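The values are calculated or read from the model by the stated rules, or taken from the named source; none is laboratory data. As the structure is a computational prediction, the values presented were derived from the model and not from experiment. Because the Cβ atoms are built from the backbone with ideal geometry, glycine has one as well, and the counts that use them run over all protein chains shown. To get the accessible areas, we keep the full protein, side chains included, count just its heavy atoms, and leave off ligands, DNA and RNA. Shrake-Rupley method; radii C 1.70, N 1.55, O 1.52, S 1.80 Å.
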Amino acid sequence: MRVAIVYSSKTGNTEEVVQLIQKLFLKERIDVTLYRIEELQIKDLINYEAVVIGTYTWGNGEIPHEMMELYHAFETMDVKRTLTGIVGTGDSGYPKFCGAVDEFRDMLYVHTKLIATLKIEVSLQIYDIDRCRKFVSIFRDQLIKRQTIR
Ligand SMILES: Cc1cc2nc3c(=O)[nH]c(=O)nc-3n(C[C@H](O)[C@H](O)[C@H](O)COP(=O)(O)O)c2cc1C
């Protein structure tokens, strides 16, 4: 059960969330690797059963430019069976709260097996920990289900 988490974070909010998600996967004894987008060879993602994307939102509800190559890669790679999830931080003071999460969600829904979405208001709060647990448990259940079927 191999999971990759790929993320971008300018001021650290998204990084904190994906680090917690990584810990929660490890607690479930799931093999997980955390990559900052700059560290990843995007084509290597086809080797993972599941991919979680973490992103902040920029401009007017936009995906950060460094995440665009990843976005377009998912449109063209053979990832139909890959389980995916998208998590992001944003500020609801902006008209398009977590707009980048919405954009990724819509694309991943079309090209992959999207199973979970999570939006966090700016930075991780105590009450978000349970939401992150739920996010990870959805992956755990789907990964186990796949092993059972095989
Ligand atoms: C110039 C600028 C534009 C932003 N635009 C949006 C936006 O359109 N929607 C949103 O939800 N958040 C927006 N944000 C808020 C960031 O997404 C939010 O602070 C996020 O937690 C930053 O994540 P990071 O700490 O991982 O870099 C914007 C922030 C800045 C500074």
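Tabulated data for the structure shown
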item	result
FRET efficiency for Met77 and Lys10, using Cβ-Cβ distance with R0 set to 30 Å, rounded to 0.05	0.70
Nearby lysines by direct alpha-carbon distance to Lys96 (threshold 16 angstrom, same-chain neighbours under 8 apart not counted)	Lys119
Assigned charges on the beta-carbon of Lys, Arg, Asp, Glu; region 14-95 dipole about Cα centre (debye)	340 debye
Dipole of region 56-129, positive direction: furthest Cα of Leu118, Met67, Pro95, with charges on the beta-carbon	Leu118
Segment Val110-Leu40, extension gain: residue separation times 0.36 nm, minus the distance between their alpha carbons	22.9 nm
Structure-based [θ]222 nm, the chain - -39500 (n - 2.57) summed over DSSP H runs of at least 4, per residue, nearest 500	-13500 deg cm²/dmol
Shape of the chain, Cα gyration tensor, a/c cut at 1.5	oblate
Dipole in debye (nearest 20) - the chain, about Cα centre, beta carbon charges: Lys, Arg +1; Asp, Glu -1	800 debye
Those aspartates and glutamates that a straight Cα-Cα span of less than 13 Å connects to Lys134, excepting residues fewer than 8 apart in one chain	Glu28
Prolate/oblate/rounded call for region 1-65, Cα gyration tensor, a/c under 1.5 rounded	oblate
Å² per residue, accessible surface of the chain at 1.4 Å	54 Å²
Formal net charge of residues neighbouring Glu121 (Cβ-Cβ distance under 10 Å; K, R +1; D, E -1)	-1
Portion, in percent, of the accessible area of the chain that falls on carbon or sulfur, probe 1.4 Å	50 percent
